[in-house]
Amino acid sequence: VIEVIKEIAEVLPVRGGGQITAAQMLERFLFPAPVHWRQVSTLSGGEKRRLYLLTVLLKNPNFLILDEPTNDLDIATIEVLEDFLQDFKGNLLVVSHDRWFMDRLVNHLFVFEGDGQVLYFPGNYTDYWLAQQEQEKALRQQAKEDKVKEDKPLERKPPRENKPKLSYKQQKEYEGLEQELEQLQTRK
C-alpha cells in the first residue's frame, strides 16, 4: 500500500508551508501502520476506494471534480475527506446531495431548478435553504393578502338621498301639516 502512495509522492505540501509524508497521509486516511505493508489485493472494497481517493488527492491537482463523493464511504472516511478538502488549495466542483458535506466545503452553489434553469447562489447550502424559506414565506404572505383582498366584499356606502335639507320655516310648516291633515280628515 505504501509503495502505491510513494510512486505518486513521497511528501505532499500543505497549507502554511509544511509537508506531510506518504505514511502520514495513509494514517490520515485511516490506514494504520500495519496496513502500510499489506498487498493492495488484500484490502477490502472500502479500503480500495479510500486508497484510490488518496492517490487522486496526492497528485495535488489544482482542480477537482467530485461526483457524489460521499456515496459508499463510511462516516470516518467522509470526515477525513472533508478535513483534507478544507485544506485543499485548488478549486473544487462538487456534485452532491449531501447537504452537510456541501455546507462544510462550498461557498458557491449552482442549483439546478429544472427546465434547464440553473441558479447561481453565493453561499453554502444552509444559506440557500434559509433564503428559500424567506422567499416562500414572502410568497405565502403575499398570497394570503391577495386572498383577503379577493374575499373581502367592497364596502359600499349607502346611497345618499338627494333630499335637500329643510329650512327652519319649512320644518315648522312640515310639522304643522300633520295637524292640518287631521283637521281635514275630521272635516271630511
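The values are calculated or read from the model by the stated rules, or taken from the named source; none is laboratory data. Since the model is a prediction, treat every value here as computed from it, not as a measurement. FYI the Cβ positions are ideal-geometry reconstructions off the backbone, even for glycines, and counts take in every protein chain you see. Just the protein is used for accessible areas: all its heavy atoms, side chains included, with ligands, DNA and RNA removed. Shrake-Rupley method; radii C 1.70, N 1.55, O 1.52, S 1.80 Å.
Looking at the chain, send over the antiparallel percent of its DSSP beta bridges, to the nearest 5. Working shown, then result.
Values: 9 of 14 bridges.
Close to 65 percent.
Within the listed set Lys172, Lys144, Lys59, the residue fluctuating most in the Gaussian network model of the chain (springs between alpha-carbon atoms under 10 angstrom) is Lys172. Counting only Cβ charges, +1 for Lys and Arg and -1 for Asp and Glu, the dipole size of the range 38-121 around its Cα centre is about 460 debye. Taking every protein chain into account, the accessible area of the chain amounts to 78 square angstrom per residue (probe 1.4 Å).
Is it possible to state the helix-based mean residue ellipticity at 222 nm for the chain, with each DSSP H run of 4+ residues giving -39500 (n - 2.57), the sum divided by total residues, to the nearest 500 deg cm²/dmol? What is it?
The helix-only estimate for the chain comes to -16000 deg cm²/dmol at 222 nm.
Projecting the Cα atoms of Thr55, Asn91, Trp129 onto the dipole axis of the chain, where Lys and Arg carry +1 and Asp and Glu carry -1 at the beta carbon, places Trp129 farthest toward the positive end.
For the chain, modelled as a GNM whose springs connect Cα atoms under 10 angstrom apart, the maximal fluctuation among Gln117, Gln133, Gln19 occurs at Gln117. Computed 3J(HN,Hα) for the range 178-188, one whole-Hz value per residue from the Karplus formula 6.51 cos²θ - 1.76 cosθ + 1.60 where θ = phi - 60°, is 4, 5, 5, 5, 4, 5, 5, 5, 5, 5, 5, glycine and proline marked x.
Between the DSSP loop rule and a limit of at most 16 other Cβ atoms within 10 Å, which GluC sites (Glu not before Pro) in the range 1-93 are left?
Values: sites: Glu3, Glu7, Glu10, Glu27, Glu47, Glu79, Glu82; in loops: Glu10.
Within the range 1-93, the qualifying GluC sites (Glu not before Pro) (loop, at most 16 other Cβ atoms within 10 Å) are Glu10.
Leaving out ligands, DNA and RNA, what percent of the accessible area of the chain is carbon and sulfur, probe 1.4 Å?
On the way: 7660 of 14680 Å².
Carbon with sulfur: 52 percent of the solvent-accessible area.
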